[in-house]
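As structure tokens, the structure follows; a few thoughts come after it.
The values are calculated or read from the model by the stated rules, or taken from the named source; none is laboratory data. Being a predicted model, the structure only gives us computed values, none of them experimental. Cβ coordinates were reconstructed from backbone atoms using ideal geometry, including for glycine residues, and neighbour counts include every protein chain displayed. The area values use the complete protein model at the heavy-atom level, side chains included, leaving out ligands, DNA and RNA. Shrake-Rupley method; radii C 1.70, N 1.55, O 1.52, S 1.80 Å.
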Amino acid sequence: MAKTLFDKVWDSHVVRRIKNGPDVLFIDRHMIHEVTSPVAFLGLKNRRVSVLYPERTFATADHNTPTKNQHLPVTDPESKNQLEALEKNANEYGISYWGLGHKKNGIVHVVGPEYGITQPGATIVCGDSHTSTHGAFGAIAFGIGTSEVEMVLATQCIMQPKPKKMRITIDGKLNNGVTPKDIALFIISKLTTSGATGYFVEYHGKVFRELSMEGRMTVCNLSIEMGARGGMIAPDCKTFEYIKNREFTPKGDDLLKTKKYWDTLYTDKGAKFDKEFFFKGSEIDPMITFGTNPGMGISITKSIPKAKDVDNGKLTYIKSLDYMGYKEGESMIGKPIDYVFIGSCTNGRIEDFRAFASIVSGRKRSKNVTAWLVPGSHKVMEAIKNEGLLEIFKDAEFELREPGCSACLAMNDDKIPPGKYAVSTSNRNFEGRQGPGARTLLASPLVAAAAAITGKITDPRSLI
Amino acid sequence: MSYDSFKVLKSSAVPLPIENVDTDQIIPARFLKATERKGFGDNLFRDWRFNQDNSIKNDFVLNNPTYSGSILVGGNNFGSGSSREHAAWAIYDYGFRCVVSSFFADIFKNNCLNIGVLPVEVSQSFLNNIFEAIYNDAKTELKIDLPKQLISICDSKNSEKFEINSYKKENMINGYDDIDYLYSMKSDIKEFESKSPL
């Protein structure tokens, strides 16, 4: 029978099928960080069990780390305690640990691919919903809760009902100034934040095939924002080129053996999906969000939709606009902004900083804008320096910080003050996400750069 | 490690008719710094319950003594966003044992089931009936009968069946968790691992 890529990877990882229940799914790679793992390790201790395959788990500190002066001791006692707990647990159980200051440190979903931990056809989980990022390599990757982190540590398995299958196909050509972030925000605006709940998404079509691996990661990263468990793209020569010779990718005879499995990773002709969506690349413009969930996005040139045109939840819609200090029918272009954040597991890779640099190069940061440029990893930071982007940023009066999740979820000191507007390349614009009372506008690195230069929402195409 | 078993729950309920309640509202990220699972209930819906100077927001339902009970009734698409189990812990720690909505985000639903909070998914019209009944009389009780998979608005004829897979249902009724099950099949897992291509 014709199978989808998702079917092939999922079915080959089922250790046991429970009748009228979940599948017992074997997990190839497990990533952990300081925030969602400590209680899982406590659970292991309480049960007096150990980590079954420590070599399949990788630890990095990212959510709760400072992005300045990482060489100094962490000052916040709670954050310090959490970071120490991760290091202690990793050491105790023999798990590789890339802590603060380590040259391989960075955001878990940025370093996984960088070091070849992320591989096609693998099952990958992490106590973080944006684990969907790794689907860019044709992996089944998704976020799990702490109880499940404990399950994976103890047994390398979790119990999951198999999600339904959705295919999103986008063919045609993209407009100028449209980035992978815009593609994702466009899809979420069409499907809503719950439109793919219960599904695992496969992205098909020319638009996705032509994206770089970084771009595919941005798209898959945001799959969770439409409720999907994850999203994936079939591996191709770009994928294999990217993973070649990375630290944890198989080499020599192992590579030949693994490649046999990898070569089966595509959706068979005639395979059936439970739900399908088709869009054209030309429908997509640079996007921006105006509300308090990632589904509330529009083309940057459009006006904020009227409440009467919203299908469900009118009261929630009005509450959301009220929080943002916006009115229905207003245009987004020209609205003043206070902060710009470029970074996160969504847009913290080298390609994102290149895009940002392409607009700020030869220009100056608006004096009204505070900008935080936070690379996704040390490797990204090194590339920014080596490619000469750091000079461009300095000339344009931007400062580069050290790697971490930073203002995406504002667990550290990088908080947007109450009432202020931030154009952010991150993934969530929920109330208070970037700090209590903060107002987030999600956008691409190009839109963020245009806002940082002009101090207001600006169509980046006018600056390209 | 087992958790409280869940069979039948009869309680008044707290109405929260807001859609897309996300995990950042349930528990903001700045309260995720603990290394133990305790005290999360204090910060449940922190920024909706308290002003930034920590004074109480009187208009939020958890600060309204009229409404109480161990069932939280939320709007459509409850629990979207992050995978933080802390959101489910905060709901449990505050004293809720059941969340009712017309639609739940996936990971949140799983997390609830894994710690013994029952997510009950009902039709939009039944959800509206529940809100109506509670707003008519705040003392209205709901009865959640897990063995029968039935939710009823007490003192009315209004009830609805709800879905839960039989494995999870058994776990909830007996207070078992998944690790007990997985641990019992360790030799199968080891054999599987030895043949894994990755």
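Cβ-Cβ distances below 6 Å connect the following pairs, each with a first residue in the range A:64-89 that is more than 13 Å from chain B (Cβ to nearest Cβ), a second residue that is open to solvent by less than 80 Å² (accessible area, probe 1.4 Å) and part of a helix (DSSP H, G or I), and a separation of six or more residues or different chains: A:T67/A:S406.
Condition check ((1) farther than 24 Å from A:G313 by Cα; (2) at the interface with another protein chain (Cβ under 7 Å from one of its Cβ atoms); (3) not charged (D, E, K, R)) across all residues:
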site	(1), (2), (3)
B:P17	no, no, yes
B:V21	no, no, yes
B:L32	yes, yes, yes
B:E36	yes, yes, no
B:G41	yes, no, yes
B:F45	no, no, yes
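Among the residues making up the range B:79-101, a single one is at the interface with chain A (Cβ under 9 Å from one of its Cβ atoms) and over 18 Å from A:V35 (Cβ atoms): B:S80. Taking the range A:214-230 as the range and being open to solvent by 10 Å² or more (accessible area, probe 1.4 Å) and out of contact with any strand residue (DSSP E or B) (no Cβ under 7 Å at 6 or more places or on another chain) as the test, only A:E214 passes. Only a single criterion out of (1) open to solvent by 30 Å² or more (accessible area, probe 1.4 Å); (2) touching a residue at least 40 places away in the same chain (Cβ under 8 Å); (3) of a type in the set (D, E, K, R); (4) under 28 Å from B:D180 (Cβ atoms) is not satisfied by B:E19, namely (4). One residue stands out in the range A:19-33 among those that are at the interface with chain B (Cβ under 9 Å from one of its Cβ atoms) and not aliphatic (A, V, I, L, M): the one that is most open to solvent (accessible area, probe 1.4 Å), namely A:K19.
Would you say A:A443 is under 23 Å from A:S320 (Cα atoms) and crowded, with 24+ Cβ neighbours inside 10 Å? Yes, satisfied.
Among the residues of the range A:274-303, the one identified as surrounded by fewer than 19 Cβ atoms within 10 Å (Cβ to Cβ), part of a loop (DSSP other than H, G, I, E, B) and touching a strand residue (DSSP E or B) at 6+ places or on another chain (Cβ under 7 Å) is A:D274. Scanning the range A:318-354 for residues that are crowded, with 19+ Cβ neighbours inside 10 Å, among the aromatic types (F, W, Y) and closer than 18 Å to A:P417 by Cβ yields A:Y339, A:F341. Residues that are buried (at least 21 other Cβ atoms within 10 Å of the Cβ) and either touching a Cys at 6+ places or on another chain (Cβ under 6 Å) or aliphatic (A, V, I, L, M) (or both) within the range B:100-121 comprise B:V100, B:A105, B:I107, B:L113, B:V117, B:L118, B:P119, B:V120, listed in sequence order. Residues considered: A:S132, A:S194. Of these, the only one that is touching a Phe, Trp or Tyr at 6+ places or on another chain (Cβ under 9 Å) and either hydrophobic (A, V, I, L, M, F, W, C) or in a loop (DSSP other than H, G, I, E, B) (or both) is A:S194. Given the structure, is A:S444 polar (S, T, N, Q) and more than 14 Å from chain B (Cβ to nearest Cβ)? Criteria met by A:S444.
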